[in-house]
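A short write-up of the structure that comes next.
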Number of protein chains: 2
Amino acid sequence: MRALVLFATAVLGASLGTTTLAATVKPETAVNYRQGIYHAILWNFVPMAQMVRGMRPWNQATFAQGAARIEFYSQQLLGGFPPGSLTARSEAKPAIWQHWAEFSAKMQNFENASATLAVVARSSDQAASKAAFIKTADTCKSCHDAFRKE
Amino acid sequence: MRALVLFATAVLGASLGTTTLAATVKPETAVNYRQGIYHAILWNFVPMAQMVRGMRPWNQATFAQGAARIEFYSQQLLGGFPPGSLTARSEAKPAIWQHWAEFSAKMQNFENASATLAVVARSSDQAASKAAFIKTADTCKSCHDAFRKE
């Protein structure tokens, strides 16, 4: 247990400070989390987009791996938007919490499209993979247009 | 396709600029990615640590969900350390690339411990879950001590 206490002090303390006991999450912790998930999505999304746009050789295995990861990440995003989690670094519009049903529906669209993309990508059908990718990208854009700052 | 091109321009362009065509990844992109994964791990790790330390009521389902996510994230980290991916914001020591075999072995220890933790957490054995968590935390600390800046 000593190692854990040391670990928690050294590693968690840095980001949680004296609020370790609090049940609520600090706004900057939520922003770091959700921006982290978005970066992880982008890390996989960019090479896939380059393949779809013919800027990189098509590799179905890489494409399918990225799709599987994005499917997983898509399911972790909504939890990163607790009420009040706005900071200067955040690109989230306050409209998210004023129109939560619409926001969560758009996030669900992304989850659904990502799940379909992951299935299609495993099928090795390049044309269908591209189509499913574009549909997924459209769900990203739809949410960004409504709920992300310029 | 038009939507995708717009999407790629608006969303990817912001972080990739004119290097979209480049096969290599910009250092800051890799740093954003791996720090994002670390934030995602921490997001799940902290409530688990609070349960283990008795600071939050034990919830096996939440614990198991966190463990499953950390198992997934643990497998995505090593790819976030391409050679030369150092920026002012990065906490990675250059020793990572000088001692890559040791670094990747420590990362593998984390992956293995996380995989065991995820299995144990699904078993509903609270004592075993705590023990597996502490072993996982030890693999974090071991790598941070050697390869992360103070």
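Can you pull out the residues in the range A:113-138 that are more than 15 Å from the chain's Cα centre (by Cα) and more than 14 Å from every other protein chain (Cβ to nearest Cβ)?
A:Thr116, A:Val119, A:Val120, A:Ala121, A:Arg122, A:Ser123, A:Ser124, A:Asp125, A:Gln126, A:Ala128
Find all pairs meeting these conditions: Cβ atoms under 6 angstrom apart; at least six residues apart or on different chains; first residue within the range B:21-50 and more than 8 Å from chain A (Cβ to nearest Cβ); second residue part of a loop (DSSP other than H, G, I, E, B) and of a type in the set (Lys, Arg).
Short answer, once both residue conditions are applied: B:Val31/B:Arg89.
Mind checking which pairs have a first residue in the range A:124-150 that is surrounded by 16 or more Cβ atoms within 10 Å (Cβ to Cβ) and a second that is hydroxyl-bearing (Ser, Thr, Tyr), Cβ under 6 Å, 6 or more apart or different chains?
A:Ala132/A:Thr116; A:Thr136/A:Ser114
Condition check: at pLDDT below 95, β-branched (Val, Ile, Thr) and more than 16 Å from the chain's Cα centre (by Cα). Does A:Val5 satisfy that?
yes
Just wondering, is there one or more residues in the range A:105-112 that are in a loop (DSSP other than H, G, I, E, B) and within 14 Å of another protein chain (Cβ to nearest Cβ)?
no
Output the residue which, of all residues in the range A:54-77 that are surrounded by fewer than 17 Cβ atoms within 10 Å (Cβ to Cβ) and in contact (Cβ under 8 Å) with a residue 60 or more places away in the chain, is nearest to the chain's Cα centre (by Cα).
Going through the qualifying residues, I end up with A:Gln60.
Give me a count of the residues in the range A:51-94 that are in a loop (DSSP other than H, G, I, E, B), away from every other protein chain (no Cβ under 12 Å) and of a type in the set (A, V, I, L, M).
Count: 2.
The values are calculated or read from the model by the stated rules, or taken from the named source; none is laboratory data. No experiment lies behind these values; they were computed from the predicted model shown. Note that we place each Cβ from the backbone using ideal geometry, even for glycine, and neighbour counts take in every protein chain shown.
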